[in-house]
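Working notes, structure below.
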Amino acid sequence: MFTKILIANRGEIACRVAATARRLGVRTVAVFSDADATARHVSLCDEAVRLGPAPARESYLRGDRIIEIALATGAQAIHPGYGFLSENADFAEACAKAGVAFIGPPAAAIRAMGSKSEAKALMEKAKVPLVPGFHGADQDPAFLRREADRIGYPVLIKASAGGGGKGMRVVTSSAEFADALASCKREAAASFGDDRVLVEKYLERPRHIEIQVFSDAHGGALYLFERDCSVQRRHQKVIEEAPAPGMSAERRKAMGEAAVAAARAVGYVGAGTVEFIATADITTAAGHFYFMEMNTRLQVEHPVTEMITGHDLVEWQLRVACGEPLPVQQDALKIHGHAIEARIYAENPDKGFLPAIGRVSHMALPAAVEFQRNADGEAFHDPAPVRIDAGVRAGDAISPHYDPMIAKLIVWGATREHALARMRGALAETHIVGLANNVDFLGRLVANHSFAIAQLDTGLIERERATLFPNEDKLPNEFLALACARVLADEATAVGADPWSRRNGWRLNGAYTRELTFKSERGVHDVKIDYARDSHARDGYHFEHGGLRTPLVIQPAPAGAAPSRLTLLLADRTLHADVVRHVDKAGDDLHVFLGGRHRALTLVDIIAHAGEGEAAEGRLSAPMPGKVIAVSATKGARVARGTPLLVMEAMKMEHTIVAPADGVVEEVLFGVGEQVAEGAALVQFTPAT
């Protein structure tokens, strides 16, 4: 076994690799950019060395610098994690030339699978099923369009060197093809430095099922069953689970053997994932599955495989890279229970899953383990109910330079239903404040009826928009009552022994009524609170809003409760909730977490805001820092609502800015290639009257 390794990555995967290395007694070297100088992965490793400035191309993509650090620190091997240099054949070769082991497959295997077109040609020879399509070298747009017409719509344009959902477009007609191809090529070039694409038949309501494979340098190869990754947004996975619901033993064996054949075809060594697209009836004898691609690295979703098999895949990677044979044979592997993983991202699902940046001011997570080894020889011990793989802590910042993942939440249950119940509970206990995140959305997703009964396919999120993106016209009164209770409780805590400083509204004659005003995404809410003279309970009030007037009593917090915990009697209901208050120069925000739902409100100081007008109208602003890569609007143009005006690139993804209503483009304020700051006005726009 190695005595020291360098982890050439950041975030949760760097922390995850460090956890196994620590358990095995292997020392670790972290590398970091200027943006990550105080990051969690830096503190978890035995030593850490600066790579360079924040941009990845000047830090985490500097293979030469990483190898230099490995040699200087005495690291015998480099673990690339996923992303960055993990599938870079040139880097793997450079490691070998420098005498440093690359904890991954041979460079030849990476190259063979790195081009989707070449990989599909290899799979065809290995008799692995392929989706009908064009995977050749001719990239002439007119030729590609003819191929799409031949295949039949809908088709999928996919970056040949792609991954992570970038450089992919679904095209439903010949008329849409040229624009979709141009956009796909731009995104592919920006993300991978290669704008080549392939075109293939787009299956209606397919399932995305992948097989975890592992090979050693002694000819051993096996599969550790499957993961269902069908639930996706923008071609990126949101929820993964193992095993795939409804999968028969016969179909599992067929897919597993096809995956092993794919790995053997390229002389694979180490951990890899063979991804298949499957027809909706894959769990029946009539279903079909087709090779999509092979990821020549550890996958983000590897924890669900670990949870159901009891094996530490990172440990396997280290042992195989040391030249050891695989620790078990195929027939020794068994599936135990069910595991589900939810990816927690800094993003806004209500705004097209737009990535968010900012600082995590508060993060409360359910009781969990970071990583637990579940296997002990032949004996299998139930894993912990909840596992969290995280690279972000409260106080850390999510920057625009890297993937906006905050953490992975993984649960295990004896059955899928058991695991689902645990996931719902774990998400309800996950409270993140400071920037937009998808926790609320994930809670709605795992509670969705179609997901619960395993009616899974890659279009589930779009198909279930009505339930996953509910149009809540009014803010429920219980959230307003809890926000009021937080303000009142904080005021009560702040006073000293002086009775004249108490703020509980007591008056010698009559009742004192006080107004509190809150703003939320649903509008402005004026609440009346008065001291309840007839209440025998401590901290008794009356709450009045929207025609409702009811008693409100704040109960004392139990010993050991979190500072954010509140118990409230509202009419005949007892509410247990967490209300996190965040006060800074930007405002006084209250984040209410109740029953797995999160609502953010801002306490409005009426006097301080008197005389302020509305925010500047007619300006379409940048949702985040980025670069303008295309402009389709012209000054003076009359456009309809939804018309694309310009395209921004941020975090290597394209974001189209569209007209919010019918109207006139008065002026476009930025041109192609210009960088824009978050909140910068992009277009002056006048809505039609």
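If I take all pairs of Cα atoms in segment 226-370, what percentage of them are more than 23 Å from each other? Here the tail beyond 23 Å accounts for 46 percent of pairs. In plain terms, the chain from GLN455 to ALA562 could stretch by 34.7 nm, reckoned as 0.36 nm per residue minus the Cα-Cα distance. Using only side-chain charges placed at the Cβ, +1 for Lys and Arg and -1 for Asp and Glu, the dipole size of segment 26-68 relative to its Cα centre rounds to 80 debye. Restricted to Cα atoms, the chain shows a radius of gyration and a Dmax of 27.4, 91 angstrom. Can you give me the angle between helix 141-151 and the longest principal axis of the chain, using Cα atoms only, in degrees from 0 to 90, rounded to the nearest 10? On a 0 to 90 degree scale, this one is about 90. Its Cα gyration tensor gives segment 197-252 an equivalent ellipsoid. The semi-axes, each the square root of 5 times an eigenvalue, are 24, 16, 12 Å from largest down.
Over all projection directions, the Cα-based convex hull of segment 235-282 averages an area of 4.4 nm². Net charge in the neighbourhood of ASN88 (other residues with Cβ under 13 Å of its Cβ; Lys, Arg +1, Asp, Glu -1) is -1. Farthest towards the positive end of the charge dipole of the chain, among the residues ALA494, ALA384, TYR402, is the Cα of ALA384, using unit charges on the Cβ of Lys, Arg, Asp and Glu. Taking all protein chains into account, the per residue accessible area for segment 627-685 stands at 49 Å² (1.4 Å probe).
Checking the a/c ratio against 1.5 first, then a/b against b/c, what shape does the Cα gyration tensor give for segment 240-319? Judged from the Cα gyration tensor, segment 240-319 comes out oblate (a/c at least 1.5, b/c at or above a/b). ASP396 contributes an accessible area of around 30 Å² to the protein surface, as traced by a 1.4 Å probe with all chains present.
Distance distribution P(r), segment 1-86, all Cα-Cα pairs, bin width 10 angstrom from 0: 20, 59, 20, 1 percent.
Compute the signed sum of charges (Lys and Arg +1, Asp and Glu -1) over the other residues within less than 13 Å, Cβ to Cβ, of SER33.
On the way: positive: ARG10, ARG50, ARG57, ARG62, ARG65; negative: ASP34, ASP36, GLU58.
Overall, the nearby charge balance is +2.
For the set LYS166/LYS201; LYS116/LYS237; LYS127/LYS166; LYS116/LYS408; LYS166/LYS351; LYS120/LYS158, the pairs lying more than 21 angstrom apart at their alpha carbons are LYS127/LYS166; LYS116/LYS408. The local environment of ARG50, defined by Cβ-Cβ distances under 10 Å, has a net charge of -1 under the rule Lys, Arg +1 and Asp, Glu -1. Of the trypsin sites (Lys or Arg not before Pro) found in segment 285-336, those in coil by DSSP whose Cβ has at most 14 other Cβ atoms within 10 Å are LYS334. With a Förster radius of 22 Å applied to the C-beta separation of ARG549 and VAL583, the computed FRET efficiency comes to 0.15.
The residue list GLY114, THR283, TYR82 was ranked by how far each Cα lies along the charge dipole of the chain toward its positive end, using unit charges on Cβ atoms, and THR283 comes out on top. Taking loop as defined by DSSP and a crowding limit of 10 other beta carbons within 10 Å, which chymotrypsin sites (Phe, Trp or Tyr not before Pro) in segment 312-421 fit? Filter output for segment 312-421: empty list. In terms of packing, defined here as the mean over residues of other Cβ atoms within 10 angstrom, the peptides 322-330, 95-103 line up highest first as 95-103, 322-330.
The residues of segment 134-290 expose, per residue, 35 Å² of accessible area to a 1.4 Å probe. Rounded to the nearest 10 degrees, the angle from helix 63-73 to the longest Cα principal axis of the chain is 90 degrees. Counting only alpha carbon atoms, the long axis of helix 89-98 and the longest principal axis of the chain meet at about 70°. Taking all protein chains together and rolling a 1.4 Å probe, GLU674 ends up with roughly 80 Å² accessible. On the chain, 52 percent of the accessible area sits on carbon and sulfur atoms, based on a 1.4 Å probe. Accessible area per residue for segment 296-409, computed on protein heavy atoms with a 1.4 Å probe, is 36 Å². Computed extension length for LEU24-VAL524: 174.4 nm, one decimal, from 0.36 nm per residue of separation with the Cα-Cα distance subtracted. Kindly identify segment 565-608 as rounded, prolate or oblate by the Cα gyration tensor criterion: order the square roots of the eigenvalues as a ≥ b ≥ c, call it rounded if a/c is under 1.5, otherwise compare a/b with b/c, prolate if a/b is larger, else oblate. It comes out prolate by the Cα gyration axes.
Here's the list of lysines a cross-link from LYS334 could span, going by alpha-carbon distance under 16 Å and ignoring same-chain residues fewer than 8 apart: LYS253.
The values are calculated or read from the model by the stated rules, or taken from the named source; none is laboratory data. Quantities reported herein were computed from a predicted structural model and do not represent experimental measurements. Here Cβ is always computed from backbone atoms with ideal geometry, including for glycine, and neighbour counts include all displayed protein chains. Remember, those area values only see protein heavy atoms, side chains included, never the ligands or the DNA or RNA. Shrake-Rupley method; radii C 1.70, N 1.55, O 1.52, S 1.80 Å.
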